[in-house]
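Working notes, beginning with the structure itself.
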Amino acid sequence: MHLYNLTLQPASAISTAALGHFTGGKTQEIVIARHERLELWSASPTTGRLTQLSTQPVFAQIRSLAVFRVPGGKQDHVALTCDNGALSILAYEPQQQRRFALVQHHEFARTGLRRGAAGEYVASDPRGRAVMVAGVERAKLVYVVTRDEDARVLLASPLDAGRGGSGSGGVACLGVVGVDVGYENPVFAALEVAAKGAAEVAYYELDLGLNHVVRRWSSAVPSSAGRLVALPGGSDGPSGVLVCSAGAIEWCAPGMPAERVRADIPRRKGDARPVVVVAHAVHRMRAAFFILAQGAAGDLYKVTVEYAEGTVTRLRVAYFDSLMGASTGLCILRAGFLFAAAGCDGGAHRLFQFANLGDDSDEAAAAGAAAAEVASDACFEPRELESLALVDELECAAPVVRAEVLNLAAEAVPQVYVLGGRTGAQPALRVVRRGLDVAELAESALPGRASHVFSARATGLVAVSFAGQTLVLRAGEDGAMQEDARAGLATDQPTLALYASSAAATLQATPRSLLLLQPAGAQGGGRRAEWLPPAGHRITQAALSAATQLVATDDGHVRVLDVQQGEMLERTDRLDLTATCLALAPVDRAAGQRAPRFAAVGCADGSVRIYALGAPGGALEMAAVQAVADVPCGLAMAVLGGRLHVLAGLRSGVLVRALVDEVSGEMEAVRVRFLGAHPVRLRVLEGAADADADADADSADADADAAGAADVVVALAGQPWAVHAPRRGAAVRVVPLAYDAVDDVAAFAAAEGVARAMVAVAQGALKVLALERVDIEGSQAAIPLRLTPRMMQLHEASGHFAVAEAEHRAVWDGEHVDEETGTPEVRRTEQGEGEWAALVRVVSAFDGATAHVEVLRDGWSVVSMANVRFAALPDGLVHGDDGPLEQQLPPLFLAVGCARNLRLRPRSCAAAELRLYRWVDGGCRLALVHTTELDHIPQAMLPFAGLLAVAQGRSLTMYALGRRRLLRKAQATVAPHLVTLLAPVPDAPLRLLAADVQESVALVEYDAAAQGFSVLVNDSVPRYLTCIRALDDHTVAAADKFGNLTVLRVPERGQQMLDPLDASAMVTARPQTPFLWDALCEYHVGDPVTMLESRALAPAARPVLVYATLRGALMAAVPLPARRDVELLVRLELALRETLVLPVRDHGKYRSAFVPVKGVVDGDLCESFEALGEDVRSRIAESLGRSVDEISKKLDDLRSQYTFG
């Protein structure tokens, strides 16, 4: 068995973020680290729109990064440390590949995931002369940064700056920063904690003359200190560092006064806990600077520093604003924006604009000049944003607690329902749809159901075509659509095509004629020209442009017309073809083109032909022909990823895409994608700013404009799809639009700031839509929750989820009641070990409405939950009140395992019980049936053989339904420590999978006659599993908390004994001792897996193994049935390991971090083949005995045919 692992959605949590000038221009960009991906984003100075400039995997876990600029350099570099025990220096290449490239790489340890290995922290000298890399314990290395004669960055040999010792003399490091000392010897400050708990700030100075590092100075700080903030030095500030401890900030530097300058941090009213700073940003202005610090609760504080002669005289900490949740990084841009990155605590990544700097605010503030002063008791009430205004945000699904892949909306691709967030940081049930997000700007009713819609972007006209007429509309000043009777267009016929540009006439094609309207300001303004088809014939298809028109008539001919001096002149050369669809190539006006160079014709004989148009009045020359599997019904030519493509939609629901050589017109790299059972029609949303962006490719603004305005082709095949390239040079993507089905769409000129607007007709309505962004292929609809979600169960008939929410160290406050839900408020407790606030919420998956809330009081918490139908019902419980769809089935119950005063370490509780609820009111409410006391915590539950299997401690217990409580039917010990997971086995109703907390998974069989369990198969390798899923009767997929994915199978001999062909021999074939699993696949994902399912993700596709990780990534492992595919991909992976785009770590070692990789090919690495240069790809393809196009097609087919993107 071999799997091909693909990333469907990268991790959404951000580990760290930093500002810099990476493209070499004046615009600031944000470099973002998302677990094992490095991204570069820019914010538009005018609109504040965030745009992704680059994203690439590094195949390593990013730990820390710092930004620096070498003296005399023109762009910033990134100093990166990962789990590889090495320092990597990266530079962005804006002119070539538009990605980060490795400049320098220096290894200093075998691995970076040890406390004693450097790499946990990295800091740079503000002048770019040195970089310090530090570990949690002891290790500190300093690298001198220089340049050679070609301005390339060089790293000198590392200098040891560690403070030795172990045991009682050991020192832990909590952070390092580069101190601004001007052009004196570089100095780094480290926050160190001794084994006895004493904390101090130490200065390490790099003597550039002696090439040596010395520990120059140290000073004791509060033991609760956890963060350092470097202050500007020289003429910009006093230098030194601010030490952030619990509830206070103080200045620390050599030569400081005996009585330290210190200020308390204001806290929330009613919250006695001291504020802990988790993120900060320093912003320099002319002759001034300020610091924004954020507490763990999300509150922002403005820190201002008053100083004289290099000495701080006063600190002031004032409440600034409150964000939703803590951030992992704050970045203040010079354009007046604040970027707040969210981690695994929940919430979205947001970009804010400063409304004011809070200087005139009367909010709580604390100031101090010396520690001898009386501590401030400033408190505040959190409020809505006043100093900041939200401009843009990027959704973040992390942390993913639970997830399920379902298709409740009956769309072309399934949705992912994700439980994430935590109390106080936007806990929610998120409905994640794969595709581009669509915003609905306006909607107007139509007099009937329209068949087509066309738009002239230059004039703002919209033509809505009905069966026998056309309705002409124009957008008014208020944005509303109004009928325009004076537009001059034909309204007594349906419209076939419409075109207009700012400098040319308006053209309209109807079955009777081709109409040309001159603009009012042009020569012959207002004059109307008309071309008529031959007598007795009608126009069936048309493709229009300003200079050339392509017209197909029902007599089996395709004609070409040229516009010259306000007249349409037909060429003598015509095509004898029965055309079903037509398309013209886009005009590149930046290159001096005035007319399309090529035309595409879809023919009834099942072919697509490319013709070179030549000069006006010239002959047509066929450049290429491509046979397709069915008759084309839609055709488009568009520039995707900077290259010309032709796309054909077939009647069978297949989309065919091919590259077109812009010189010869030949077609190559043909790709096929099945979109659904409906015929595929195509519409092009042109990118107006693409050519302008190309003129200045070095600018980040130009990159952002190009990414925001490149062509997008909309494919209508039941559900709308989008064909696009996220960035210039990126691979073309085919993803669905996160919107309902529409009848037709057309590009539309909407308000300023909307890059891709379109007008659509659907079910008798005219809608104005906009693609929010094309660099993020996913949309999320959040259903807000109250507490930290733990688990969920679905009532399929009604589409309602039962969501269990619970919060540790919290209690219900009976004096205050939430008005919306009628539930009491939650109050935090100081010493609340074992105190819980929990509830079970029934929420609709469609509209997000809460239908029912069941509150658990008195310290009860939800531990497990499962839907169950019991085979035997006691008297008094009958069939048939769960709705008409379930009247022939036993009633559906929801079993909720609860524990009172649950303690996590050691795991214990005061009492445990199982509450049985019944779904009532058609699956919208829960009614308590009874409760059953348990001996142990119910860690997991599973409906099994008409009973309920409950995992309690090491045992597995079977329960039947009784009138007053559940009745115990069987119990046996099946695990050595603690059963944490249960999963069913398909086609084996008397077998299940039981996972131990640390001893992997076991295959267990239930003997109904003996009322006992027997372990058939277990594992010899300890695995701390988080998810298990049976793939068939003998195969199980499992994932552990260290980020390893495993596929296990019963050995061949065990399969013969457990499932013999002769059923009568089954009893005698039972083994005396359990068999051991055979490991078929081993793969290190790098992030704990929280969901593992086997689902089909694409129309008419086979099931694949889908899994989600804690940081919000969604991945798929595709089975490879053909041996030739396995051999090709394995050899390709080996070749690509030697030509990594960003080789910061050995790929094989990363995927074998815990267990050697086996039976899995890294699809992300294979897809990096497309990012290599043409010569490198050709060399690799030649070594594999294949062509470049064959390899690219195989990679594209594996993603498109088995997944939804």
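Residue count for the stretch 41-69 under the criterion of being within 30 Å of residue 1133 (Cα to Cα) and either hydrophobic (A, V, I, L, M, F, W, C) or not in a strand (DSSP E or B) (or both): the result is 8.
Residue-by-condition table, conditions (1) buried (at least 21 other Cβ atoms within 10 Å of the Cβ); (2) among the aromatic types (Phe, Trp, Tyr); (3) over 26 Å from residue 1148 (Cα atoms); (4) without any contact (Cβ under 8 Å) to a residue 24 or more places away in the chain:
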residue: 103; (1), (2), (3), (4): no, no, no, no
residue: 113; (1), (2), (3), (4): no, no, no, no
residue: 141; (1), (2), (3), (4): yes, no, yes, no
residue: 157; (1), (2), (3), (4): no, no, yes, yes
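Applying the criterion of at least 1 residues that are over 25 Å from residue 365 (Cα atoms) and at pLDDT below 90 to the strands (runs of 3 or more DSSP E) found wholly in the stretch 169-270 leaves 171-179, 187-194.
Set side by side, the residues 23, 7, 51, 55 differ, and just one is among the polar types (S, T, N, Q) and open to solvent by 30 Å² or more (accessible area, probe 1.4 Å), which is 55.
For the stretch 646-661, the count of residues that are more than 29 Å from residue 1170 (Cα to Cα), at pLDDT 90 or above, under 39 Å from the mean Cα position of the chain (by Cα) and open to solvent by 20 Å² or more (accessible area, probe 1.4 Å) is at least one. Looking at 979, 950, 929, which one is crowded, with 17+ Cβ neighbours inside 10 Å, closer than 23 Å to residue 872 by Cβ and under 37 Å from the mean Cα position of the chain (by Cα)? The unique qualifying residue is 950.
Taking the criterion of being assigned to a strand (DSSP E or B), open to solvent by 40 Å² or more (accessible area, probe 1.4 Å) and touching a Gly at 6+ places or on another chain (Cβ under 9 Å), the residues of the stretch 548-579 that qualify are 564, 569. Reported count of residues in the stretch 1137-1174, each being assigned to a helix (DSSP H, G or I) and either open to solvent by 50 Å² or more (accessible area, probe 1.4 Å) or over 17 Å from residue 1079 (Cβ atoms) (or both), is 15. Looking across the stretch 17-44, the residues that are among the β-branched types (Val, Ile, Thr) and at pLDDT 95 or above come down to 30, 31, 32.
Pairs linking a residue in the stretch 277-299 that is assigned to a strand (DSSP E or B) to a residue that is open to solvent by less than 40 Å² (accessible area, probe 1.4 Å) and among the basic types (Lys, Arg), with Cβ atoms under 9 Å and 6 or more positions apart or on different chains, are 290/302; 291/302; 292/302; 293/302. Keeping to the stretch 425-449, report how many residues are in contact with an Asp or Glu (Cβ under 9 Å, 6 or more places away or on another chain), open to solvent by 10 Å² or more (accessible area, probe 1.4 Å) and assigned to a loop (DSSP other than H, G, I, E, B). The qualifying residues number 2.
Within the stretch 612-629, can you find the residues that are open to solvent by less than 40 Å² (accessible area, probe 1.4 Å) and either part of a loop (DSSP other than H, G, I, E, B) or aromatic (Phe, Trp, Tyr) (or both)? Of everything in the stretch 612-629, those that are open to solvent by less than 40 Å² (accessible area, probe 1.4 Å) and either part of a loop (DSSP other than H, G, I, E, B) or aromatic (Phe, Trp, Tyr) (or both) turn out to be 613, 618, 620, 628. Count of the stretch 26-48 residues, restricted to those that are without any contact (Cβ under 8 Å) to a residue 40 or more places away in the chain, open to solvent by 20 Å² or more (accessible area, probe 1.4 Å) and of a type outside the set (Ser, Thr, Tyr), is 2. Looking only at residues in the stretch 8-36 that are farther than 26 Å from residue 1042 by Cβ and charged (D, E, K, R), the one that is nearest to the chain's Cα centre (by Cα) is 29. Of the numbered criteria (1) modelled with pLDDT under 95; (2) of a type in the set (A, V, I, L, M); (3) in a helix (DSSP H, G or I), the one residue 1130 fails is (1). Being in a strand (DSSP E or B) and in contact (Cβ under 8 Å) with a residue 60 or more places away in the chain is a description that does not apply to residue 658. Residues that are open to solvent by 50 Å² or more (accessible area, probe 1.4 Å) and touching a residue at least 24 places away in the same chain (Cβ under 8 Å) were ranked within the stretch 219-237; the one that is nearest to residue 181 (Cα to Cα) is 234. Residue pairs whose Cβ atoms lie under 7 Å apart, sitting 6 or more positions apart in sequence or on different chains, and linking a residue in the stretch 253-272 that is in contact (Cβ under 8 Å) with a residue 60 or more places away in the chain and within 26 Å of residue 180 (Cβ to Cβ) to a partner that is among the acidic types (Asp, Glu) and surrounded by 13 or more Cβ atoms within 10 Å (Cβ to Cβ), are 260/250; 261/250; 262/250. One residue stands out among those in the stretch 878-893 that are open to solvent by 40 Å² or more (accessible area, probe 1.4 Å) and aliphatic (A, V, I, L, M): the one that is modelled with the lowest pLDDT, which is 885. Inside the stretch 906-926, residues that are of a type in the set (Gly, Ala, Ser), in a strand (DSSP E or B) and surrounded by fewer than 17 Cβ atoms within 10 Å (Cβ to Cβ) make up a count of 2.
Tell me which residues, restricted to the stretch 149-168, are at pLDDT 70 or above and in contact with an Asp or Glu (Cβ under 8 Å, 6 or more places away or on another chain). Correct list: 154 only. Screening residue 358 against (1) open to solvent by 30 Å² or more (accessible area, probe 1.4 Å); (2) part of a loop (DSSP other than H, G, I, E, B) leaves a single unmet condition, (1). Residue 1014 meets all of the listed conditions (1) at pLDDT 95 or above; (2) surrounded by fewer than 18 Cβ atoms within 10 Å (Cβ to Cβ) but one, namely (1).
Scanning the stretch 538-583 for residues that are β-branched (Val, Ile, Thr) and touching a His at 6+ places or on another chain (Cβ under 8 Å) yields a total of 1. I'd like to know if the stretch 664-679 contains one or more residues that are closer than 23 Å to residue 496 by Cα, modelled with pLDDT of 85 or more, open to solvent by 10 Å² or more (accessible area, probe 1.4 Å) and in a strand (DSSP E or B). No: zero hits.
Residue 956 passes every criterion in (1) farther than 26 Å from residue 1090 by Cα; (2) crowded, with 18+ Cβ neighbours inside 10 Å apart from (1). With respect to (1) open to solvent by less than 10 Å² (accessible area, probe 1.4 Å); (2) under 21 Å from residue 112 (Cα atoms), the lone exception for residue 1117 is condition (2). On the stretch given as the stretch 710-758, residues that are among the hydrophobic types (A, V, I, L, M, F, W, C), within 18 Å of residue 1196 (Cα to Cα), crowded, with 20+ Cβ neighbours inside 10 Å and at pLDDT below 85 total 1. Of everything listed in (1) in a loop (DSSP other than H, G, I, E, B); (2) open to solvent by 20 Å² or more (accessible area, probe 1.4 Å); (3) at pLDDT below 90, the single unmet condition for residue 774 is (2).
The values are calculated or read from the model by the stated rules, or taken from the named source; none is laboratory data. Here the structure is a predicted model, which is why all the values come from computation and not from measurement. All Cβ positions, glycine included, derive from the backbone under ideal geometry; neighbour counts span all protein chains shown. For the accessible areas, the whole protein counts, side chains as well, though only heavy atoms, and no ligand, DNA or RNA atoms are used. Shrake-Rupley method; radii C 1.70, N 1.55, O 1.52, S 1.80 Å.
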